[in-house]
Amino acid sequence: MKKDLLIGIDLGSSNVKTLLINDQGQTLGIESEEYQPIFPKPGWIEYDPNDWWNAVKSTLQRVIARSKVESKRVAAVGVSGLGCCPVPMDEKGNLLYNALPWSDLRAQKEAEFLKNNCREELHRACGLTPTALNTIPHLIWIKNERPDIYKKLYKFTESSGFIIQRLTGEFILDLASASFVEYGIDLRTLDYDKGLIKAMQLDFDRFPRLLPNRQVAGTVTRQAAADTGLEEGTPVACGGNDLPAGAVGSGALYPGQAFYYSGTGSNATVLTDKLFTTSPDLLHCLCTHDPKVKMLDGVQGSMGYSLRWFRDVLGGAEQNASQVLGNLVSPFEMMDLEASKTEPGSGGLLFLPFLFGHFNPVLNPLATGVFFGISPTTTRPRMIRAIIEGCVFNCYESYRHIEDLGIDYKEIIFVGGPSNSGVWCQALADTTNRKVVTVSSSEPSTFGDAITAGVAAGVFGGFEEIVKKVVKERKQYLPDDRRHNLYSALYKVYLGAYEDAGRSFKALAETREQQGI
């Protein structure tokens with residue numbers, strides 16, 4: 001039987017999506033399933049990886065059944081997931097502790113330890129400044145605070161590596177995740193730096209095997225086949241974290257391309273063939289599908305989440321109207337329509353989108369979300385537009401610092417849920433003064449995982465061949481000089497508002513802790 005089908009699996013912050021395509025890149029089916037984070041105490045966030053695995057099993061079974069295909073036709077599976085989310089396991093693959101995502105802030109002391117003791121080694125190897133967002137401070141936290149767990153630890157991996165372990169029994173870590181969040185890798189050699197790992201007071205034998213983001217990690221075991229409906233022996237490829245997978249699925253393959261990946265959070269990136277040490281601006285330099293091509297990345301913590309927060313807390317009108325219309329129009333589409341009827345600049349209302357803190361270019365976990373400039377003329381539509389514009393300004397902070405490194409880009413490929421908003425796309429074009437392009441792939445990470453699986457299994461001759469064939473431009477948004485001047489002026493006010501609020505952010509955090517609120 002011809003093996004002409006491919007599956008992509010992507011673990012997001014709130015759900016898993018599983019996509020089935022054929023060898024022509026046509027989508028045959030997609031399934032998703034939600035899961036919830038756990039909040040043990042203020043500032044702590046965890047995931048139960050069993051929830052991920054249960055969702056993956058369920059969506060795999062459904063996508064195969066509902067597409068009415070035989071699993072024998074599946075040539076390979078590709079997996080990606082949220083990064084900065086270590087999963088500790090014993091030698092049999094048993095979970096030892098919940099996964100700790102980038103939004104978990106418990107490892108501040110461990111990040112300070114790395115700054116004070118390993119700063120030079122870290123900068124030499126990977127050009128990163130330690131923060132509590134990354135994997136290694138969380139691993140050190142486990143060692144310091146839960147030595148009973150660390151003693152049992154055989155290997156840790158990331159979310160995608162955990163699903164690969166469940167599917168294949170292999171313990172691996174992809175190069176993109178390793179270069180992005182692990183600290184233990186040297187970007188020049190693309191291998192572990194044992195001296196750096198020792199300096200971090202960790203044990204090298206607990207780090208998993210490294211794999212490029214285009215290679216088969218293993219094959220589906222008999223148990224995993226019974227759990228998922230896949231055929232035993234099906235190759236499983238390493239897609240890594242969702243960012244490089246999304247770049248592949250969006251056609252961002254070449255140096256000089258800019259790629260804005262948005263979801264709960266977002267990543268403002270530019271691809272380059274140069275190697276940067278970018279710690280002054282907290283930009284990450286990570287590997288992509290091609291180890292010779294790096295991705296400079298600035299992180300924003302609550303892009304899509306900011307609008308989701310508004311929908312859940314203040315968006316009752318849109319949700320009720322959506323239900324009346326039989327959910328034919330989503331609350332987000334209604335919110336975008338409302339925002340489109342207001343003028344750029346939101347009547348002078350600004351929004352600081354720091355619901356999970358401020359990330360790039362300067363980390364401040366104490367920063368919070370702020371509406372600034374509320375007046376009697378403030379309306380719901382203006383508040384919605386202000387949220388969108390504030391998120392764009394936060395993204396622009398990273399692009400400005402990438403430009404300061406001497407990297408130019410002519411256009412931005414914009415993907416993810418917010419890219420469906422015309423208001424969001426136009427605001428991004430006008431703020432950055434660059435053309436913004438949306439593309440045909442509605443689920444870029446899962447699509448990129450399926451493409452990666454196809455390249456790894458030999459179904460496709462290479463990434464360029466299939467991407468050129470199936471990823472098509474959907475719409476262009478061109479910048480307007482007048483609106484660019486307006487947004488340039490408001491961007492300066494936005495930066496000033498954030499700087500001025502710094503003392504208040506700290507005082508509020510201290511008061512919350514003291515008063516238990």
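Bear in mind that the values in this text are calculations on the coordinates, not laboratory data. Quantities reported herein were computed from a predicted structural model and do not represent experimental measurements. Quick reminder, even Gly has a Cβ in these numbers, built from the backbone with ideal geometry, and neighbours come from all protein chains shown.
The string of couplings for the stretch 356-369 from the Karplus curve (6.51, -1.76, 1.60, θ = phi - 60°) is 10, x, 9, 9, 8, x, 10, 6, 9, x, 7, 5, 10, x Hz, one whole number per residue in order, with x for Gly and Pro. With helices defined as uninterrupted DSSP H runs, which ones in the chain have an alpha carbon span along their own long axis of at least 18 Å and mean Kyte-Doolittle hydropathy of at least -1.0? Qualifying helices: 49-66, 380-404, 481-500. Relative contact order, whole percent, for the stretch 21-151 stands at 21, derived from Cα pairs under 8 Å and 6 or more residues apart.
Among the trypsin sites (Lys or Arg not before Pro) in the stretch 4-106, those located in a DSSP loop and surrounded by at most 13 other Cβ atoms within 10 Å of their own Cβ are K68, K92. Applying both filters, DSSP loop and at most 13 other Cβ atoms within 10 Å, to the trypsin sites (Lys or Arg not before Pro) of the stretch 356-442 gives K410. In sequence order, the stretch 224-232 has phi-based couplings of 5, 4, 5, 6, 10, x, 6, 7, 4 Hz under the Karplus curve 6.51 cos²θ - 1.76 cosθ + 1.60, θ = phi - 60°, and Gly or Pro positions carry x. Percent relative contact order of the stretch 279-389, based on C-alpha pairs within less than 8 angstrom and at least six residues apart? Worked out over the stretch 279-389, it gives 28 percent.
Under the criterion of Cα pairs below 8 Å and six or more residues apart, the relative contact order for the stretch 355-456 equals 21 percent. Computed from point charges on the beta carbon alone (+1 for Lys and Arg, -1 for Asp and Glu), the dipole magnitude for the stretch 412-517 about its Cα centre is near 280 Debye. The Kirkwood hydrodynamic radius of the chain, based on inverse pair distances between different Cα atoms, is 23.2 Å. When the listed pairs K17/K475; K155/K472; K2/K469; K194/K410; K72/K475; K3/K57 are checked against a 30 Å cut-off, the alpha-carbon distance exceeds it for K155/K472; K194/K410; K72/K475. Using a ≥ b ≥ c from the Cα gyration tensor of the stretch 316-458 (square roots of the eigenvalues), is it rounded, prolate or oblate, where a/c under 1.5 gives rounded and otherwise the larger of a/b and b/c decides, a/b for prolate? Oblate is the answer for the stretch 316-458, as a/c is 1.5 or above yet b/c matches or exceeds a/b.
Near the amide H of I412, under 5 Å away, which other amide H atoms are found, from residues 5 or more places off or on another chain, if H is placed in the peptide plane? Here the answer is K435, V436, V437, since their amide H atoms fall under 5 Å of that of I412. Over what distance in Å are the Cα centres of the stretch 2-37 and the stretch 476-517 separated? After rounding, the separation between the Cα centres reads 37 Å. Under 16 Å Cα to Cα from K292, which lysines show up? Leave out anything in the same chain fewer than 8 places away. Those lysines meeting the cut-off are K274.
Counting Lys and Arg as +1 and Asp and Glu as -1, what is the net charge of the other residues whose Cβ lies under 10 Å from the Cβ of V439? In short, +2. Exposed loop positions in the chain were taken to be chymotrypsin sites (Phe, Trp or Tyr not before Pro) whose DSSP state is not H, G, I, E or B and which have at most 16 other beta-carbon atoms within 10 angstrom. Between these positions, the longest stretch is 155-517.
Global size of the stretch 94-163: 12.6, 36 Å for Rg and Dmax (C-alpha atoms, Rg to one decimal, Dmax whole).
Most simply put, the chain has about 65% antiparallel DSSP beta bridges, counting only bridges with both residues inside it. Among S80, S67, S179, S32, the order by Cβ neighbours within 10 angstrom, fewest to most, reads S67, S32, S179, S80.
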